Amino acid sequence: MRRTVFLFGGLTLALVLFGVLAASSDPDGLETVAESLGFASSAVEPAAWTPFAGYETGPFGSNWFSQAVAGLAGAALMYGFGAAFARWVRRKGR
């Protein structure tokens, strides 16, 4: 059991690190479609402060590092939500 957890944890970490290193500065799919359909210029800034606006974090000077931190934080949040959901489902099944 412990070996399996260690294996999946290492695989998850490797995938996250690959994603961080392979991050692209090209726009995402939604931005690409908005540009191709001609309504990207009508986008407005969010009314409230968001920590990962533009897939970046604010306090870092490097664009790449800022995106990497935002990606790692997003992956950690999603892992946490998934783990909490799995625990909830397991308890509910008992």
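Between Phe60, Phe52, Phe39, the distinction of being surrounded by 10 or more Cβ atoms within 10 Å (Cβ to Cβ), at pLDDT 80 or above and not acidic (Asp, Glu) belongs to Phe39 only.
Just for the stretch 56-78: of the residues that are free of Cβ contacts under 8 Å to residues at least 12 places away in the same chain and hydrophobic (A, V, I, L, M, F, W, C), which one is farthest from Gly19 (Cα to Cα)? Among those that are free of Cβ contacts under 8 Å to residues at least 12 places away in the same chain and hydrophobic (A, V, I, L, M, F, W, C), it is Phe60.
If we scan the stretch 40-54, do we find a residue that is assigned to a helix (DSSP H, G or I), touching a Pro at 6+ places or on another chain (Cβ under 7 Å) and of a type in the set (Gly, Ala, Ser)? Yes, the stretch 40-54 contains at least one residue that is assigned to a helix (DSSP H, G or I), touching a Pro at 6+ places or on another chain (Cβ under 7 Å) and of a type in the set (Gly, Ala, Ser). Residue pairs whose Cβ atoms lie under 6 Å apart, sitting 6 or more positions apart in sequence or on different chains, and linking a residue in the stretch 1-23 that is surrounded by 11 or more Cβ atoms within 10 Å (Cβ to Cβ) to a partner that is modelled with pLDDT of 80 or more and assigned to a helix (DSSP H, G or I), are Val16/Ala75. Scanning the stretch 17-33 for residues that are at pLDDT 75 or above and within 20 Å of Ser62 (Cβ to Cβ) turns up Leu17, Phe18.
The values are calculated or read from the model by the stated rules, or taken from the named source; none is laboratory data. Since the model is a prediction, treat every value here as computed from it, not as a measurement. Glycine gets a Cβ as well: all are built from the backbone with ideal geometry, and neighbour counts include every protein chain shown.
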